[in-house]
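Novice: First the structure, which I've put down as structure tokens, then a few questions once you've had a look.
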Amino acid sequence: MKHSIPDHILDEIRSRADIVEIISDVVQLKKAGNSMKGLCPFHSEKSPSFSVSPDKQVYHCFGCGAGGNVFRFVMETQDLSFFEAVQNLAQRVHVTIPSPSDAGSIGSEPSEKEKIRKVNQQARQFYENCLSDPKMGSKALDYLKKRGFDRELLARYQIGYAPSAWSALQQNLEKKQFTDLDFLENAGLLKKSAERNNYYDRFRDRVIFPLKDMQGVIIGFAGRAISDDNIPKYLNSPETPLYKKSKFLFGLDIAKTAIRRENHALLVEGYFDQMRAVQNDILNVAATCGTALTPLQIQLLKNFSTNVTLVFDSDAAGQAAAEKGFDLLLSQGMNVKILCLPDGHDPDSYILKFGKESFLQEVRNAKPFLESYIIKAIAQEDTSSPNGRANVAKRVLPLIAQISNSVERVEWTKFLSEKAKLDERALMSELRKKFHSTRPQPELPKETQTAPPNPELYLIHLLMSGNETTLRTIRSRVSVGEFQDPQLRQIAQVVYEMIDASVPVLLDRALDKAEDPETARQITQIGLAPIEFEDQERAAADCIQAVKRSAAEGAIKELKRQRNHALEAGQMQESRELQIKLRNLETALKAG
Ligand SMILES: [Zn+2]
């Protein structure tokens, strides 16, 4: 990994930041033999395959393959760069990273993302102050109070108010040394007027919702108009390096723990819906904020649960959404239920009027999405005619084809055939056609793919766990270039550098040098599932021979290709030379 933080600083941080402690913030870990186990934060699972080794200070998931050291974990879970993750941990364990002025050891400026985080924090403070200001904020505060939101909840969400002036925020930020107006525009806080060539506040006369990522860091803002002539009703930050609309769910920072605990997420549409639920202690709720669901949002949710209930304010809205984005949820293996609240209520108004218990009862009664979809389709078509029944099949089958679990697919086809009085076998054959045309063939599960023993991989295992003599033997006999597998070659490179520098071969350190995440995964897997060799020396010798043999075989194949090519082209001299090389190689190979 390319960075310019000195190794001794990294080692210092590493020695103080215990990986078990850091990961325990996010994952509940239990002791299991030499390691700790828990539910993987990177994929959804019911039995723990996520493993942390306190000795080796690395983690690895045997379910999804995620793996790395403490820096990688912070990068992945908090969406930080390597440098930012190191800074984050350094702060936590009180290690000072030398600044660029100290001997110029570090070249990186705070990243654009980091700068936006800082200015967002300042803007949030400003908006919050404006809301509590008796003169400026009273109209907004009255509005929020009328809607039944108390001070405590507003403080929890850090709700604010953007005054109606054109440059109130800009002036405040300038006082706090945020003077680069282009940057403030990129951060989504200011807009530029093309005609007058000046900047003005993006949010004016609006209630402000800070938008937070899963760690509660403010990545953007949304503003709701409080007077009718201010349009649009809702205004959001534009896309910035930090805020990606398609990757955001409002309230997930508050909801994530409850979603995992209850293994169930409620998805609502609006900010106020989410806040009302939390106000009533219904915590497993996130809001899509009016956008159609995206694969990235589903991915976010899937980290915590695959069971989701979508709550809509009317049948019509539910129906419309069904036609848009539901196949996506089904194809990602989510169990989707749908709840359409009566009389045009949204969760906000429903909970306010009927209370928490009544709402939770509605949630419990929610139907699986496909069930309500099929029943609605049948109601809308004339199923007494063959034509009408065919229409039902035409509408429903494409969705059934998206279900990733084959047993469930069959069950839903049965359900459809019963309800719509359609022939089940005909449906199944129709479904098979659809299934094969719309989906790639599912991959075989990993365990059933029997891979031949891989000598290169064994060598890496030996390099990671072997004794000094074994290490030296492998180092001297196999060159980096003789590893054919690009990832294993990269690992060999890293390990060889450590051997040459006479530093102990440590998994944790190797991970800092691994360029890509795939290689990191392979390293952690090797570390956490070590192979026990009865006789290391012997195993090393066998593997070295096998690797040499396959390298030689590869070279022979290539030489043959070149020789034939030369023969065809009539280059006799060249082909003779190649033939000699070829014979030498073959002799050497036979001799072992
Ligand atoms: Zn995993």
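The values are calculated or read from the model by the stated rules, or taken from the named source; none is laboratory data. This is a predicted model, so every value here is computed, not measured. A quick note on method: Cβ atoms are made from the backbone with ideal geometry, for glycine too, and the neighbour counts reach across all protein chains shown. In case anyone asks, the SASA skips ligands and DNA or RNA and just uses the protein heavy atoms, side chains included. Shrake-Rupley method; radii C 1.70, N 1.55, O 1.52, S 1.80 Å.
Novice: Looking at the stretch 490-502, can you tell me whether even one residue there is of a type in the set (A, V, I, L, M, F, W, C), outside any helix (DSSP H, G or I) and outside the structural domain of Ser35 (by TED's automatic domain parsing)?
Specialist: Yes - at least one qualifying residue is present in the stretch 490-502.
Novice: Check Ala32, Ala17 and return the single one that is more than 20 Å from Gln522 (Cα to Cα), crowded, with 21+ Cβ neighbours inside 10 Å and away from the ligand (no atom under 15 Å from the Cβ).
Specialist: Ala17
Novice: Please go through the stretch 62-78 and pick out each residue that is modelled with pLDDT of 90 or more and out of contact with any helix residue (DSSP H, G or I) (no Cβ under 8 Å at 6 or more places or on another chain).
Specialist: none
Novice: Select, from Leu301, Leu266, Leu235, Leu296, the only residue that is under 24 Å from Tyr350 (Cα atoms) and of a type in the set (A, V, I, L, M).
Specialist: None of the other options fit; the residue is Leu266.
Novice: Among the numbered criteria (1) without any contact (Cβ under 8 Å) to a residue 24 or more places away in the chain; (2) buried (at least 20 other Cβ atoms within 10 Å of the Cβ), which single criterion is violated by Phe248?
Specialist: The failed condition is (1).
Novice: If you check Ser4, Ser81, Ser51, which single one turns out to be under 20 Å from Ala520 (Cβ atoms) and modelled with pLDDT of 90 or more?
Specialist: Ser51
Novice: A further question on this structure: Given the structure, is Ala155 in contact with a Lys or Arg (Cβ under 9 Å, 6 or more places away or on another chain) and either among the small types (Gly, Ala, Ser) or assigned by TED's automatic domain parsing to the domain that holds Ile219 (or both)?
Specialist: no
Novice: I would also like to ask the following. Please state which one of Val86, Val93 is more than 16 Å from the ligand (Cβ to nearest atom), at pLDDT 90 or above, among the aliphatic types (A, V, I, L, M) and out of contact with any strand residue (DSSP E or B) (no Cβ under 6 Å at 6 or more places or on another chain).
Specialist: Sole residue among the options that is more than 16 Å from the ligand (Cβ to nearest atom), at pLDDT 90 or above, among the aliphatic types (A, V, I, L, M) and out of contact with any strand residue (DSSP E or B) (no Cβ under 6 Å at 6 or more places or on another chain): Val86.
Let's see how each residue does on (1) within 16 Å of the ligand (Cβ to nearest atom); (2) within 24 Å of Ala258 (Cβ to Cβ):
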| residue | (1), (2) |
| --- | --- |
| Val27 | yes, yes |
| Phe42 | yes, yes |
| Asp79 | no, yes |
| Lys113 | no, no |
| Gln122 | no, no |
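Novice: With respect to Arg276, determine if the residue is under 25 Å from Val27 (Cα atoms) and touching a residue at least 40 places away in the same chain (Cβ under 8 Å).
Specialist: In short, no.
Novice: Out of the residues in the stretch 44-53 meeting the condition of being farther than 21 Å from Leu511 by Cα and of a type outside the set (Gly, Ala, Ser), tell me which one is nearest to the ligand (Cβ to nearest atom).
Specialist: Taking the candidates together, the pick is Glu45.
Novice: Of the residues in the stretch 150-175, how many are under 17 Å from Ser227 (Cβ atoms) and aromatic (Phe, Trp, Tyr)?
Specialist: 2
Novice: Moving on to the next point. So, in the stretch 229-239, of the ones that are within 19 Å of Gly290 (Cβ to Cβ) and part of a loop (DSSP other than H, G, I, E, B), which residue ends up farthest from the chain's Cα centre (by Cα)?
Specialist: Asn230
Novice: Every residue in the stretch 54-63 that is buried (at least 21 other Cβ atoms within 10 Å of the Cβ) and within 16 Å of the ligand (Cβ to nearest atom), please.
Specialist: Val58, Tyr59, His60, Cys61
Novice: OK, next. Can Ala66 be described as buried (at least 17 other Cβ atoms within 10 Å of the Cβ), within 13 Å of the ligand (Cβ to nearest atom), of a type in the set (Gly, Ala, Ser) and in contact (Cβ under 8 Å) with a residue 60 or more places away in the chain?
Specialist: yes
Novice: Based on what the data block shows, is Asp25 outside the structural domain of Val505 (by TED's automatic domain parsing) and surrounded by 14 or more Cβ atoms within 10 Å (Cβ to Cβ)?
Specialist: The answer is no for Asp25.
Novice: While we're on this one: List the helices (runs of 4 or more DSSP H) inside the stretch 310-405, counting only whole elements, that have at least 2 residues being basic (Lys, Arg) and open to solvent by less than 20 Å² (accessible area, probe 1.4 Å).
Specialist: none
Novice: Given (1) under 25 Å from the mean Cα position of the chain (by Cα); (2) more than 16 Å from the ligand (Cβ to nearest atom); (3) surrounded by 18 or more Cβ atoms within 10 Å (Cβ to Cβ), identify the lone condition not met by Leu10.
Specialist: Every condition holds for Leu10 apart from (1).
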